[in-house]
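The values are calculated or read from the model by the stated rules, or taken from the named source; none is laboratory data. Please read all numbers here as calculations on a predicted model, not as lab measurements. For neighbour counting, all protein chains shown are included, and Cβ atoms are generated from backbone atoms with ideal geometry for every residue, glycine included. Each accessible area value is taken on the protein alone, full model and side chains, heavy atoms only, with ligands, DNA and RNA left out. Shrake-Rupley method; radii C 1.70, N 1.55, O 1.52, S 1.80 Å.
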Amino acid sequence: MPRPQAPPATGAATAVAHPNIALIKYWGKRDEELVLPRTDSLSMTLGIFPTTTTVTLAPGAGHDTVTLNGHSAQGEALRRVTTFLDLIRRQSGRSEHAVVDTVNTVPTGAGLASSASGFAALATAGAAAYQLDLDATHLSRLARRGSGSASRSVFGGFALWHAGTGTLTQADLGSYAEPVPAAAGLDPALVIAVVNAGAKAVSSRAAMRRTLDTSPLYEAWAASSAGDLTQIRAALLAGDLDTVGEIAERNALGMHATMLAARPAVRYLSPATVTVLDRVLRLRQDGISAHATMDAGPNVKVLCHAADADQVADALRGAVGPGAVHIARPGPGAHLLPAAT
Ligand code: 2P0
């Protein structure tokens with residue numbers, strides 16, 4: 001795999017990464033410490049809402065300093081970043097603390113997770129700042145440790161994150177994302193309908209743990225997800241967006257079914273979610289290829305042909321109110337920005 005760019009020699013680096021939306025979901029960890037998933041997953045990296053992160057080494061500083069959208073990070077957010085920097089320090093054999101400055105362009109309360117783009121950007125900038133010369137595969141493995149889905153945002157377009165197999169050590173080595181080929185004619189868009197911008201009641205980390213521990217439906221979904229993955233790869237290669245959408249929708253609904261069967265149940269879907277799902281069904285009845293996927297929240301992402309995206313967005317706007325619908329095309333993988341001169 002190519003390197004995102006040659007690492008700089010200055011101890012400072014800036015990287016950009018974009019969010020991704022899974023078409024085959026990651027839901028459930030085999031190992032929490034190593035962030036090893038139970039199943040393979042497959043996503044599309046978006047061309048909107050980049051996160052830009054600068055990591056600057058601070059020799060002599062007694063701790064890391066983290067700024068998120070101009071505000072000093074505290075508590076759990078700070079702990080996750082410093083733990084991640086500790087990993088980079090161990091791998092690079094260096095001990096300096098760092099100053100991390102992150103700007104996230106997901107509109108406040110858009111209901112889209114920023115941990116994927118956030119940790120992909122942090123891994124890319126952090127590795128460069130600490131002179132850790134990693135190719136994209138190893139960057140993906142590193143980003144995974146910050147947040148599982150971040151492993152996929154290292155790559156643009158469609159990406160497959162391997163769960164890894166064998167012993168924990170073997171799985172750690174084998175769990176990374178890689179690009180997935182798609183037919184040249186495939187021109188997808190994801191229309192994002194934000195039905196509720198509020199914070200979620202249960203974190204996805206806690207929800208996936210509870211699902212794995214208590215849901216009698218979990219193993220059945222995990223097994224069926226393997227078949228979904230094989231079929232969606234074939235559909236991507238064949239340029240069959242309708243089949244891609246069909247598989248993505250059933251995989252997401254199956255994931256939510258596992259949560260609904262957890263004890264106690266985890267229910268992210270709201271009445272407005274179901275209203276949007278009805279609109280998507282109506283679009284299909286009108287002959288438009290549109291299929292829905294939902295993550296750890298009530299918002300709906302609708303996969304369609306780019307040529308239909310405006311029409312799909314109009315239809316969804318009617319269900320969620322103006323200003324809450326975004327259109328995303330496939331975007332680039334995480335990359336370093338040239339050093340400022
Ligand atoms: C996904 N989600 O595949 C799934 C579908 C949410 C639903 O990845 O615990 O923030 O940091 O590894 O990556 C959200 O989980 O979780 C997620 P951690 P992450 O996109």
key: On Cα atoms only, tilt of 136-146 relative to the major axis of the chain in degrees   = 80 degrees
request  = Could you calculate the contour length gain from residue 67 to residue 83, that is, 0.36 nm times the residue separation minus the distance between their Cα atoms, to one decimal place in nm?
outcome  = 4.2 nm
inquiry  = Below 8 Å, C-alpha to C-alpha, sequence gap of six or more: please give me the relative contact order for the range 188-328 in percent.
reply    = 41 percent
task = Identify, among 177, 71, 288, the residue whose Cα sits farthest towards the positive end of the charge dipole of the chain, taking +1 on the Cβ of Lys and Arg and -1 on the Cβ of Asp and Glu, with the dipole about the Cα centre.
result = 71
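Based on the Cβ-Cβ distance from residue 265 to residue 34, what FRET efficiency comes out when R0 is 30 Å, to the nearest 0.05?
0.60
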Helix 271-285 axis, angle to the chain major axis (alpha carbon atoms, nearest 10°) = 60 degrees
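With a 1.4 Å probe and all protein chains left in place, how much of the accessible area of the chain comes from carbon and sulfur atoms, in whole percent?
Carbon-and-sulfur percentage of accessible area, whole number: 54.
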ask   = What ³J(HN,Hα) values, in whole Hz, does the Karplus curve 6.51 cos²θ - 1.76 cosθ + 1.60 give for the range 164-181 when θ = phi - 60°, with x put for Gly and Pro?
value = x, 10, x, 5, 4, 4, 5, 5, 4, 5, x, 9, 8, 9, 8, x, 10, x
remark   = Where a ≥ b ≥ c are root eigenvalues of the Cα gyration tensor, a/c under 1.5 meaning rounded, otherwise prolate if a/b exceeds b/c and oblate otherwise, the range 12-182 counts as oblate
Using alpha carbons only: equivalent-ellipsoid semi-axes of the chain, gyration tensor based, whole Å = 32, 21, 20
message = I'd like the Karplus ³J(HN,Hα) series for the range 294-309: coefficients 6.51, -1.76, 1.60, θ = phi - 60°, whole numbers in Hz, and an x wherever there's a Gly or Pro.
response = 10, 10, 7, x, x, 6, 10, 10, 10, 8, 8, 5, 3, 5, 9, 4
task = For the range 12-182, give the share of DSSP beta bridges that are antiparallel, in percent and rounded to the nearest 5; count only bridges with both residues there.
result = 90 percent
request  = For every helix of n ≥ 4 consecutive DSSP H residues, a contribution of -39,500 (n - 2.57) applies; sum these over the chain, divide by its total residues, and give [θ] at 222 nm rounded to the nearest 500 deg cm²/dmol.
outcome  = -12500 deg cm²/dmol
query = Do any GluC sites (Glu not before Pro) in the range 19-118 lie in a DSSP loop with no more than 15 other beta carbon atoms within 10 Å, and if so, which?
reply = 32, 33
message = If you count only protein heavy atoms and use a 1.4 Å probe, how large is the accessible surface of residue 230, to the nearest 10 Å²?
response = 100 Å²
ask   = Excluding ligands and nucleic acids, what accessible area in Å² is computed for residue 326 using a 1.4 Å probe, to the nearest 10?
value = 40 Å²
Heavy-atom accessible area ranking, 1.4 Å probe, most first, across 335, 18 = 335, 18
ask   = Which value, in Å to one decimal place, does the Kirkwood hydrodynamic radius take for the range 153-312 when every pair of different Cα atoms is included?
value = 17.1 Å
note = Pseudo-spin-label distance residue 178 to residue 205, built 7 Å along Cα→Cβ, given in nm, is 3.0 nm
ask   = Relative to the first principal axis of the alpha-carbon coordinates of the chain, what is the inclination of helix 241-260, with its axis defined by its Cα atoms, in degrees from 0 to 90 and to the nearest 10?
value = 80 degrees
message = Between the range 271-301 and the range 60-137, how far is it from one alpha carbon centroid to the other, in angstrom?
response = 34 Å
inquiry  = Accessible area per residue for the range 188-328 in Å², computed with a 1.4 Å probe and the full protein assembly in place, what is it?
reply    = 43 Å²
